[in-house]
Amino acid sequence: MWQTQHHSTVVIIGAGFAWLSSYIQLRKRNPDVSITLFDLRNHFTFIPSLHECLLDSDHLSSIQIDLKKYYGDDFVQAEIQTIQPEHITTVEWDVWTFDYAVIATGSRTNFFDNENFATHSYLLRRPEDTIRLNQKLTTAKHISIIWWWFTGVEVASILALRNHNAHIRLIHSQERLLHRLCPDCGIRSRKRLEKHHVELILGDRVQDIQKDHITLQSGLSLDSDVTILSSGIRINDQHHKPYLTFDWAYNSLESERIYMCGDVAIHWLYSTGHNAMSEWKRIGNLIADQLLWVQHNYKKLVNYDKLVISLGEQDWILSIWWRSIYLPWISWLFKKMIEKKIIRELRNKRFLPF
Ligand SMILES: Cc1cc2nc3c(=O)[nH]c(=O)nc-3n(C[C@H](O)[C@H](O)[C@H](O)COP(=O)(O)OP(=O)(O)OC[C@H]3O[C@@H](n4cnc5c(N)ncnc54)[C@H](O)[C@@H]3O)c2cc1C
């Protein structure tokens, strides 16, 4: 039996990068439309700076936004259990009907259904992960970082600078670090990590994780009291999968009024915060077009190909097209400016003109 029933013109599920930029775009074009934002967490967190909270828990509040404070009654803290063509239901059994819905529930770590991976590893995907990790990091003797993408380099770099008591190792399944970027990026990162005494294990995969050790596919068994894992992502489609299907477009095949974007979405863009924001602006525009009865032709969205990778506190590389430029301080300032800009935009609910 339904407990309470509500209605909102637009419901948005998931308050990450995707969700908030669409909200701003919709509000800009339709100031009076009712928009309700749902998230199971009460804060937005600038996730690309999460590694800076390692061994510095106080940093977290500077990269967060209190959603109730800034979005008032437009924000509802609730976990959505099901997303169906006509309504969504919270775990408390509140039901919301809508004219338009946007699913932006993001992704989670893929444990490949391995129970030991799920039980014994530490993650760095959500703000609460930093609290759990920091409790353990100060006393850890052997820290293993198993990571397939650039954040592994960032995590290893910052831990090497902030924790001199532990042995830190980075394990990557490919023969070179940052294998998706130009070779120079991997070489520079490698030199930097080795200079800071990080052990690099390349071309090997983790097979088992236990509380105090890990085993690799090569048979190597290594002491590891903290194993930080990011072996890939699994999209959070469990709430809508039984009821809704999507192809490579943003619309649901069952309803033209239901959209999906960000990490959860299946199209050609990589799962990054930057791409999530572009997709969301596009969806904000598509809904605003329908509400205002106008039509626009939009260009296909393309991957954003610039990346700044942290090799420590202010020591960063800029990866641009198939090149890498070592730009300490300048890249750091660039990344900080982006962080501050986005946090400011989300607090003021207005995009800055650059
Ligand atoms: C450590 C780390 C570093 C990164 N660094 C970068 C970087 O430098 N540059 C970059 O571009 N990208 C980076 N990324 C990737 C980027 O953070 C993600 O691609 C981006 O956050 C995806 O945005 P999203 O809105 O799709 O999903 P998320 O940010 O995952 O947001 C989804 C939201 O949905 C909520 N939610 C989920 N299920 C429910 C439910 N059932 N009910 C209610 N709410 C729900 C969650 O609480 C969450 O707030 C990094 C990721 C990590 C983990």
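Below, the figures for the structure above:
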| quantity | calculated |
| --- | --- |
| Solvent-accessible area, 1.4 Å probe, carbon plus sulfur percent, for segment 102-256 | 49 percent |
| Residue-averaged [θ]222 nm for the chain, counting only DSSP H segments that reach four residues, each worth -39500 (n - 2.57) | -9000 deg cm²/dmol |
| Segment 57-96 - percent of accessible surface contributed by carbon and sulfur, probe 1.4 Å | 44 percent |
| Global geometry of segment 212-354, whether rounded, prolate or oblate, following the gyration tensor of its Cα atoms and the 1.5 cut on a/c | oblate |
| Ratio of the Cα radius of gyration of segment 113-250 to 2.2 N^0.38 Å, where N counts its residues | 1.15 |
| Average accessible area per residue (Å²) across segment 33-88 - probe 1.4 Å, nucleic acids and ligands excluded | 41 Å² |
| Selected from Lys335, Lys211, Lys281 as most flexible by GNM, with the chain as the system and alpha-carbon contacts under 10 Å | Lys211 |
| Restraint check, Lys28/Lys300; Lys69/Lys336; Lys69/Lys136; Lys28/Lys299; Lys241/Lys335, Cα-Cα greater than 26 Å | Lys69/Lys136; Lys241/Lys335 |
| Using alpha carbons only: equivalent-ellipsoid semi-axes of segment 193-284, gyration tensor based, whole Å | 39, 17, 10 |
| Assigned charges on the beta-carbon of Lys, Arg, Asp, Glu; the chain dipole about Cα centre (debye) | 1320 debye |
| Computed P(r) (all Cα pairs; the chain; 20 Å bins; percent) | 28, 55, 16, 0 |
| Among Gly219, Asn251, His59 the positive-end extreme of the charge dipole of the chain (Cβ point charges) | His59 |
| Estimated inter-spin distance, His167 and Arg205, nm [label 7 Å along Cα→Cβ] | 2.5 nm |
| Solvent-accessible area per residue, Å², over segment 112-228 with all protein chains present [probe radius 1.4 Å] | 48 Å² |
| Restricting segment 153-260 to GluC sites (Glu not before Pro) in coil, as DSSP defines it, with at most 11 other Cβ within 10 Å | Glu175, Glu256 |
| Dipole axis of the chain (+1 Lys, Arg; -1 Asp, Glu on Cβ), positive-most option in Leu177, Ser331, Gln210 | Ser331 |
| Relative contact order for segment 13-146, counting Cα pairs under 8 Å that sit 6 or more residues apart, in percent | 28 percent |
| FRET efficiency, 1/(1 + (r/R0)^6) with R0 25 Å, evaluated for Arg234 and His213 via beta carbons | 0.45 |
| Coil-residue GluC sites (Glu not before Pro) of segment 1-99, DSSP, other Cβ within 10 Å capped at 16 | Glu79, Glu86, Glu92 |
| Dipole in debye (nearest 20) - segment 1-64, about Cα centre, beta carbon charges: Lys, Arg +1; Asp, Glu -1 | 380 debye |
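The values are calculated or read from the model by the stated rules, or taken from the named source; none is laboratory data. Bear in mind that the values here come from a model prediction, so they are computed numbers and not experimental data. With ideal geometry, Cβ positions are generated from the backbone for all residues, glycine too; neighbour counts draw on all protein chains shown. Surface accessibility is based on the protein's heavy atoms, side chains included, excluding ligands, DNA and RNA. Shrake-Rupley method; radii C 1.70, N 1.55, O 1.52, S 1.80 Å.
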